[in-house]
Structure formats: structure tokens, C-alpha cells
Amino acid sequence: MPDTLLDENGRPVNAVYGYFRLLLQQIRSLEPHYLVAAFDESLFNGFRHNLYPNYKSKRALPDEALAYQLDLCKLLTQAAGITCLADQDYEADDLIAWAAGTAHKQSKRCVVISRDKDLAQVIRPGDSLVDWASGTESSYEQLCEHWSLRPEQIADLLALMGDAADGIPGIQGIGKKTATRLLQQFPDLETLYDHLDEVQGLPVRGAKGLYFKLAGHREEALLFRELTRLRPPQQHIALEVMTVERASMEKLMTLVKQLGLGVRFENLIRRFF
């Protein structure tokens, strides 16, 4: 949304409007019985930074204006009857994996709404990953085809090939194509390194050199997987906590007016109801 969209005090609320419109669209489209929204509040102080100080080192914290809008997003989500998850140690992706794992234990189908490739890890047969920008919905089987691997292997893949966006270098000389071929032969990093001698006999170009690229880097690869693998918190979360409460038009309107968000938000709420 253009940053010319301002509230009654002249502050940008374009991110809030775009997010809130998306949230209401998804509620209407999915009609979920359970729904959570996860917010990142562990920026630069989560457990991954303790493991690897360079993790996301090129990222910048939201400026004051964006931080304000993110706070508003959370307030509106709660007012719409949606459970919000946030933690100082775990990232939003970890919290989504936490919620999805809880649902899977009770045989519930999950729809994960995100553009983040890392979240394909939580998708299981019957689930789907929705790219909210393009509207594309990918099933478990489609993700297997897209990655040429099972979604459960994505953390291992990123550990080998690296993830520049998160400051994870991967194993030098191992790109996406090579990492994919390796994980098609070996299901995970442990199996790969336990059978490292077999790499030299793989029907891939430069197999012998590949062996030497991997040798001596087992601990490094496992560390990188700790960074790329989603880690749900250890404590229990009840499925009932994620139950959607019926949204109150009056409650939402009151909050929008208190925050001075303007008539555009009021019209959005009216259209939803």
C-alpha cells in the first residue's frame, strides 16, 4: 500500500491497512475454527543469535514509524478475536511451527499464510502453504515437486547451500543444485555425513571434489541447520487457545476510532461484516 495512506494525525498506516485487509479476507475465505497470528519480537536477541552472532546481521530493525504500525497490527488482530503469539527468544516462524505441530497432533489440517520459504518445513500431507501476495496455494505434494525434496528436508538443504537473506553461508562450494542432489540420495545431514565416503561414487559431476568440500564441515553444517530449522518452544500450547472468537463490529469500530485510523478502516470493517 502507498505510504501516502495516513491516519488522522498524519502518520503512515499503509502497512496496517494492507495487513488488516488481508487478515479479514483470510477469515472470510477460510472461515477457520482455529487461527493464530505470529509476530516477531526476538529481533537480534533470540536463541539463534546466541548460537551464531552473524545470524541476520545484515537485517535492520524496523524504524519507529514501522514499529508503530506493527504494534497497531497486533492490536487490531487481538480485537478481531485472533490469538497473537510473540516471544523474546523464538521467531514468528517458530511460533507458527508450534501452532501447526499442536494442530497436527489432533489431526487438524493446517493452512500457513506466508511468503517465507522456511515455513514450507511445517507443511504435511493435507496442509497447504498460501502466498498471500500471489494467492498461490501449494499442497504438500506441490511443495515436494517445487523443491524436488520433501518439505521436511528444507532445513538440511538451506544448511548446505546457505541462506544469504539470513546471513547463513552454508558449506563453501555447495549450491542449491548440488545440495538437492545430495539430499535426494541421503535423507538428512546425519545420514550424509555417516556415509560420506559414498559421495565419491555418486553419478554427479565432480563427486570426488564434493567429498572434500563436505569433509571436515559436519559440525558447521549441523550448526547451520540449527539456524534454518524451525524450533517450537518446549512448553505446551492447547489447541483451544487458538479458537477464533466471533469478531465484534462495535469493538473493532471503537478501537479504530480510538486510534484515529480514519474512515478507510471503518469502511473496511463495514464491508467485512
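With the requirement that a residue be part of a loop (DSSP other than H, G, I, E, B) and among the small types (Gly, Ala, Ser), what does the range 168-207 give you? Passing the criteria: 170, 173, 175, 206. The single condition from (1) part of a helix (DSSP H, G or I); (2) aliphatic (A, V, I, L, M); (3) closer than 28 Å to residue 52 by Cα that residue 253 fails is (3). Number of residues in the range 210-236 that are at pLDDT below 95, under 26 Å from the mean Cα position of the chain (by Cα) and in a helix (DSSP H, G or I) equals 0.
Of the candidates 74, 108, the single residue that is among the basic types (Lys, Arg), more than 28 Å from residue 5 (Cβ to Cβ) and either in the same structural domain as residue 42 (by TED's automatic domain parsing) or assigned to a strand (DSSP E or B) (or both) is 108. Residue 83 satisfies every condition listed in (1) over 26 Å from residue 252 (Cα atoms); (2) touching a strand residue (DSSP E or B) at 6+ places or on another chain (Cβ under 7 Å) except (1).
Between 261, 239, the distinction of being surrounded by 14 or more Cβ atoms within 10 Å (Cβ to Cβ), under 21 Å from the mean Cα position of the chain (by Cα) and not acidic (Asp, Glu) belongs to 239 only. Applying a threshold of 7 Å to beta carbon distances and a minimum spacing of six or more residues, or different chains, the list of pairs starting in the range 56-69 at a residue that is closer than 25 Å to residue 4 by Cα and ending at one that is β-branched (Val, Ile, Thr) and not in a loop (DSSP other than H, G, I, E, B) reads 69/16. None of 164, 155 is of a type outside the set (Ser, Thr, Tyr), within 26 Å of the chain's Cα centre (by Cα), under 25 Å from residue 97 (Cβ atoms) and exposed (fewer than 15 other Cβ atoms within 10 Å of the Cβ) except 164. Reported count of residues in the range 111-125, each being in a loop (DSSP other than H, G, I, E, B) and surrounded by fewer than 20 Cβ atoms within 10 Å (Cβ to Cβ), is 5.
When residue 134 is tested against (1) outside any loop (DSSP other than H, G, I, E, B); (2) out of contact with any Asp or Glu (no Cβ under 9 Å at 6 or more places or on another chain), just one condition goes unmet, and that condition is (1).
Applying the selection to the range 47-66, what residues are among the charged types (D, E, K, R), within 18 Å of residue 230 (Cα to Cα) and outside any loop (DSSP other than H, G, I, E, B)? Across the range 47-66, the qualifying residue is only 48. Beta carbons closer than 6 Å, at least 6 apart along the sequence or on distinct chains, never pair a first residue in the range 17-41 that is closer than 16 Å to residue 133 by Cα and in contact (Cβ under 8 Å) with a residue 60 or more places away in the chain with a second that is crowded, with 18+ Cβ neighbours inside 10 Å and hydroxyl-bearing (Ser, Thr, Tyr). In the range 202-231, the residues that are farther than 19 Å from residue 48 by Cα and without any contact (Cβ under 8 Å) to a residue 60 or more places away in the chain reach residues that are in a helix (DSSP H, G or I) and of a type outside the set (Lys, Arg) with C-beta atoms within less than 6 angstrom, at least six apart or across chains, in these pairs: 207/200; 208/200; 210/199; 211/199; 211/200. Applying a threshold of 9 Å to beta carbon distances and a minimum spacing of six or more residues, or different chains, the list of pairs starting in the range 238-259 at a residue that is closer than 17 Å to residue 26 by Cα and ending at one that is part of a strand (DSSP E or B) and polar (S, T, N, Q) reads 242/83; 243/83; 244/83; 245/83.
The values are calculated or read from the model by the stated rules, or taken from the named source; none is laboratory data. Bear in mind that the values here come from a model prediction, so they are computed numbers and not experimental data. We place every Cβ from the backbone using ideal geometry, glycine too, and count neighbours over all the protein chains shown.
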